[in-house]
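**Student:** Have a look at the structure that comes next, please.
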Amino acid sequence: MSMGDTPSNSHAPEPSPGTTHPAADVQHALPEPGTGGQAGPALSLRGLAKSFGAKAAVAGIDLDVPAGSFYGLVGPNGAGKTTTLSMATGLLRPDAGEVRIHGVDVWEHLVEAKRLVGVLSDGVKLFDRLTGEQLVTYAGLLCGLDRPTVDERVRDLLALLDLEGAGGTLVVDYSAGMTKKIALACALVHAPRLLVLDEPFESVDPVSAANIRDILAGYVRSGGTVIVSSHSMDLVQRMCDHVAVIANGRVVAAGTVDEVRAGSTLEDRFVELVGGRRHAEGPEWLRSS
Amino acid sequence: MVAILVRLRLLVLWNTLKRSPWQAVWIVLGTLYALGLIGLALVGLVVLGFTSPEVARTALILAGSALILGWIVVPLLTVGVDQTLEPAKLVTFPIPLRTLILGLTVSGIIGIPGAATLLAALGSAAAWWRHPAAVLASIVCAVLGVITCIVASRTVTTLGTGLGAGRRYREISGIIVMIPLMLLGPIIVSVTAGLGDIASVLPRLADALSWTPLGAAWAVPGDIAVGNWLVATAKLLIALATIAVLVLIWASSLRAALVSPPSDSSRARRSGKLGFFTLYPASPTGAVAARALTYWIRDPRYARQLIVIPLVVVLMIFYSNLNNSSGLVSIAPALIALVLSISIYTDVSYDGTAFAMHLASGVSGVADRAGRVLAIATFAVPLIVLVTVASVWVSEAWRMLPAMLGLSLGVLLTGFGVASVTSATVVFPVPQAGDNPFKSPPGAAVPSLLASFGSWVVIGILALPELTLTIVSAVTGQMLYGWLSLATAVVLGTLFLVLGVRIGGRTLDRRGPELLARLRS
């Protein structure tokens with residue numbers, strides 16, 4: 001796997017934003033319309049915070065995701081990854097802080113920001129009484145694409161994700177891995193400049209996971225930006241060029257993968273940063289021999 | 001082990017109380033309500049003791065049979081037996097089947113419905129205060145009756161939500177059970193119609209029921225009181241056999257459920273069938289409409305609301321024939337319009353977290369609202385016109401057609417507007433996609449009843465002009481008022497519909513993330 005290759009500034013046909021959106025007023029909200037990634041961060045979080053009751057799920061996160069990067073977000077369970085990503089994509093209102101996607105203030109210009117970003121949320125259902133094909137079509141039409149564009153992209157995406165045979169099956173009858181893939185297709189259909197994927201590889205079989213990785217790598221090469229959250233350090237180390245470690249609602253380390261792992265493996269470094277590793281063999285009665 | 005299951009049940013009850021103060025309030029209110037009912041029942045039972053044993057016997061058999069029937073039906077309809085100890089959740093623990101059944105039965109008595117049933121059943125002894133032998137028998141039989149209630153209820157839910165069965169069967173089983181139950185009234189009346197008036201029908205009905213699993217246990221004390229020991233013994237055996245058979249069925253379905261988790265037979269079909277997506281224009285509104293209409297057909301939670309409509313028509317025609325009056329037939333279209341139009345007030349709640357897709361796509365609230373209304377209007381408007389014409393035809397009052405059309409269309413359009421606002425504002429606890437459509441989460445019944453009642457009142461007030469004009473037209477018999485009613489309905493209804501979609505849409509734009517946060521919880 002090639003690591004840290006410089007993303008090109010040119011836009012390949014697939015992730016080309018803006019061109020098919022009927023809303024012309026999107027453009028004025030963009031600081032530099034038409035220019036690609038390198039101008040500023042694809043996503044920038046400033047002082048982002050959210051509490052549920054007395055518990056602070058996210059306690060002031062500052063993060064810059066460079067445009068054209070493949071960014072990994074790792075952290076233990078309950079660290080605030082999903083909450084952060086929900087707030088970054090306009091799905092959950094933060095208590096405090098600012099989110100900008102390619103310079104657009106997400107919570108000031110919700111609709112404009114949402115056109116720039118594709119989201120795969122963890123732990124939300126899909127409209128699973130639709131067939132896979134209908135679901136992706138639905139996602140495309142909701143974003144305001146016209147029918148010929150949607151039809152073409154749905155065909156391409158189903159082929160890309162190896163779901164052609166299952167396009168006519170109800171999503172409720174899909175396996176967990178197929179459901180992830182169809183959700184990914186929904187996130188991709190409006191050709192966003194930024195992809196935010198919460199646990200995209202959970203319960204996906206190794207072959208599909210490798211295919212999805214290739215698709216994402218291609219998307220990044222063509223100028224798009226990808227943020228993935230994952231539990232798999234090994235995967236993040238091989239796949240991503242940047243990584244941020246989150247624990248207890250704060251960023252404990254962020255930068256390129258090489259900077260963060262500092263010569264060690266990402267997994268060892270993660271355990272070191274987050275703590276909580278115990279060296280014990282477990283209680284006596286659990287040892288069966 | 002049984003004690004552990006019971007303790008678990010109590011712990012869950014206690015934790016729900018701690019978690020949400022409102023749930024606690026509902027449970028306290030429910031307890032008070034149940035206690036009040038039991039108090040009333042006890043007074044009634046003592047009074048019953050003054051009458052002849054035959055009367056007491058008839059009343060107790062009928063009430064007891066209704067009780068068992070209620071225990072079977074209610075879980076399929078609403079809150080029902082607590083599902084905390086669902087077999088699916090216990091499947092990983094090494095609990096012997098025998099223990100599991102005993103634990104589930106005992107824990108079924110804990111909780112308001114179970115405890116209330118037990119108290120009321122034991123209270124039935126009060127009716128026999130003049131017959132000591134019957135008092136003893138009634139205590140034993142009350143316990144048998146309550147066990148029958150709980151075991152029957154558990155058996156039906158285990159069968160109905162059949163863990164081992166496929167998704168489709170699981171989903172429609174509730175609806176299948178529903179249809180005969182709704183037609184129960186007409187069936188009983190037509191069966192007993194030849195038997196004469198109510199006073200002579202009831203004892204015969206009770207007699208017949210006393211030989212069935214529903215009434216056997218409740219009949220024993222009455223038979224003892226009148227000295228019919230042989231018949232009493234036979235019925236006691238029927239009651240015991242009922243429990244034994246139910247437990248056997250329950251055990252076998254539970255055994256099947258424990259080893260075969262829910263499975264789905266997924267058929268691979270060719271792509272290229274976009275269904276309703278080709279019917280509506282390729283816009284966000286059209287897409288929402290296509291999706292919603294697909295759900296009206298494919299999702300049993302929506303479908304069950306449609307099943308009610310033909311049943312309402314059948315029931316109305318039946319009862320109006322019974323009374324020889326066409327009043328019920330005339331208001332049926334307006335009632336159906338009311339039920340249909342506010343059926344979309346739980347739309348966002350039914351979406352559940354899938355609503356995140358709407359939010360992530362940045363679709364405008366107005367498009368979302370308009371699409372959902374468009375979907376239901378696609379079939380509701382023609383349907384309501386059809387039903388109205390049919391009802392006018394049945395009651396042979398063609399002069400009333402414009403007035404009745406005005407009323408039902410007015411209610412329908414206004415209802416769409418009101419429901420568009422409600423569903424964007426409130427999240428109701430509803431069964432999740434794939435759940436039994438008649439199952440509702442604990443604490444759901446009262447809030448959703450309040451909300452639908454509130455919506456009805458608002459619709460009633462907003463539709464007052466066409467309602468008044470329709471009544472005036474009916475009283476004076478002048479067609480002019482009928483046409484005025486129709487015109488008012490179209491103009492005002494459209495206005496309220498547009499307003500509702502606008503207000504609901506703006507609410508959705510503003511409070512979408514909060515709505516999703518509540519759907520997630």
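**Student:** List the residues whose amide H sits under 5 Å from the amide H of residue A:247, counting only those 5 or more places along or on another chain, with H placed 1.01 Å from N in the peptide plane.
**Tutor:** A:252
**Student:** Could you tell me what fraction of 2.2 N^0.38 Å the Cα radius of gyration of chain A comes to, as a two-decimal ratio?
**Tutor:** Cα-based Rg divided by the globular estimate yields 1.02.
**Student:** Go through the range B:406-418 residue by residue and turn each phi into a ³J(HN,Hα) via Karplus (6.51, -1.76, 1.60, θ = phi - 60°); whole Hz please, and just put x for glycine and proline.
**Tutor:** My calculation for the range B:406-418 gives x, 4, 5, 5, x, 4, 4, 5, 4, x, 4, x, 5 Hz in order.
**Student:** Hey, another quick one. Across peptide B:25-33, how many C-beta atoms of other chains are within 10 Å of each residue C-beta, on average?
**Tutor:** Mean number of neighbouring Cβ atoms from other chains: 0.
**Student:** Listed highest first by mean packing, meaning other Cβ atoms within 10 Å per residue, what order do B:487-496, B:218-227, B:381-390, B:414-423 come in?
**Tutor:** B:414-423, B:218-227, B:487-496, B:381-390
**Student:** Stretch residue A:256-residue A:77 to full length: gain in nm at 0.36 nm per residue minus the Cα-Cα span?
**Tutor:** Full extension from residue A:256 to residue A:77 adds 62.2 nm.
**Student:** Continuing with this model, one more query. Mind listing the long-range amide H neighbours of residue A:89? Cut-off is under 5 Å, sequence gap 5 or more, other chains count too, H placed in the peptide plane at 1.01 Å from N.
**Tutor:** Residues meeting the criterion, in which the H sits 1.01 Å from N, do not exist here.
**Student:** Please list 3J(HN,Hα) in residue order for the range B:501-517, calculated via the Karplus relation 6.51 cos²θ - 1.76 cosθ + 1.60 where θ = phi - 60°; whole Hz, with x for glycine and proline.
**Tutor:** 5, 4, 5, x, x, 5, 4, 5, 4, 7, 10, x, x, 5, 4, 5, 4
**Student:** Given R₀ = 41 Å, what would the calculated FRET efficiency be for residue A:248 paired with residue A:210, taking r from the Cβ atoms and rounding to 0.05?
**Tutor:** For residue A:248 and residue A:210, the calculated efficiency is 0.80.
**Student:** For Cα pairs less than 8 Å apart in space and 6+ apart in sequence, what is the mean separation divided by the residue count of the range A:40-271, i.e. the relative contact order in percent?
**Tutor:** 27
**Student:** Between A:46, A:278, A:221, which gets the highest mean-square fluctuation from a Gaussian network model of chain A, Cα cutoff 10 Å?
**Tutor:** A:278
**Student:** Using 1/(1 + (r/R0)^6) with R0 = 56 angstrom and r between the beta carbons of residue B:3 and residue B:381, what's the FRET efficiency to the nearest 0.05?
**Tutor:** For residue B:3 and residue B:381, the calculated efficiency is 0.45.
**Student:** Calculate the length of the line joining the C-alpha centroid of the range B:455-521 to that of the range B:359-380, in whole Å.
**Tutor:** What the calculation gives is 17 Å, centre to centre.
**Student:** Using just the helices of chain A, give the 222 nm mean residue ellipticity in deg cm²/dmol: DSSP H runs with n ≥ 4 each add -39,500 (n - 2.57), and the total is spread over all residues, rounded to 500.
**Tutor:** Here the helix-only value at 222 nm equals -9500 deg cm²/dmol.
**Student:** Shifting gears a bit: Determine the percent antiparallel among the DSSP beta bridges restricted to the range A:40-271, to the nearest 5.
**Tutor:** Antiparallel: roughly 55 percent of the beta bridges in the range A:40-271.
**Student:** A further question follows. Could you calculate the contour length gain from residue B:233 to residue B:335, that is, 0.36 nm times the residue separation minus the distance between their Cα atoms, to one decimal place in nm?
**Tutor:** Net length gain for the segment: 31.8 nm.
**Student:** Next question, about the same structure. Take B:299, B:347, A:214 and order them by how many other Cβ atoms sit within 10 Å, fewest up front.
**Tutor:** Neighbour counts put them in this order, fewest first: A:214, B:299, B:347.
**Student:** Between residue B:394 and residue B:208, what is the label-point separation in nm under the 7 Å Cα-to-beta-carbon projection?
**Tutor:** Using points 7 Å along Cα→Cβ, the separation is 2.5 nm.
**Student:** Taking amide H positions as placed 1.01 Å from N in the peptide plane, with prolines and chain starts having none, which residues 5 or more places from residue A:120, or on another chain, fall under 5 Å of its amide H?
**Tutor:** Amide H to amide H, under 5 Å and 5 or more residues apart or across chains, residue A:120 pairs with A:196, A:197, A:198.
**Student:** For the pairs A:55/A:181; A:81/B:18; A:81/A:125; A:55/A:125; A:114/B:273, flag any whose C-alpha to C-alpha distance is greater than 23 Å.
**Tutor:** A:55/A:181; A:81/B:18; A:55/A:125; A:114/B:273
**Student:** If you take the Cα atoms of the range B:277-520, find Rg, then find the Kirkwood Rh from the mean of 1/r over all pairs, what is Rg/Rh?
**Tutor:** On the Cα set of the range B:277-520, Rg over Rh gives 0.99.
**Student:** Further question: Testing the spin-label approximation: label points 7 Å from Cα along Cα→Cβ at residue B:495 and residue B:52. State their distance in nm.
**Tutor:** That separation, rounded to one decimal, is 6.5 nm.
**Student:** Could I ask something else about it? Give me a comma-separated list of calculated 3J(HN,Hα) values for the range A:167-183, in order, Karplus coefficients 6.51, -1.76, 1.60 applied at θ = phi - 60°, integers in Hz, x for any Gly or Pro.
**Tutor:** Each residue's phi maps through the Karplus curve to give x, x, 8, 5, 4, 4, 8, 6, 6, 4, x, 5, 4, 4, 5, 5, 5 Hz.
**Student:** Going by average Cβ neighbours within 10 Å, how do the peptides B:148-157, B:403-412 rank, with the highest at the top?
**Tutor:** Answer by packing, highest mean first, reads B:403-412, B:148-157.
**Student:** Further question on the same structure: Of the residues A:137, A:169, A:225, which exhibits the maximal mean-square fluctuation in a Gaussian network model of chain A defined by a 10 Å Cα contact cut-off?
**Tutor:** A:169
Since every read-out is calculated from the coordinates, none of them should be taken as a lab result. The model shown is predicted, which means the values in this text are computed figures rather than measured ones. Here Cβ is always computed from backbone atoms with ideal geometry, including for glycine, and neighbour counts include all displayed protein chains.
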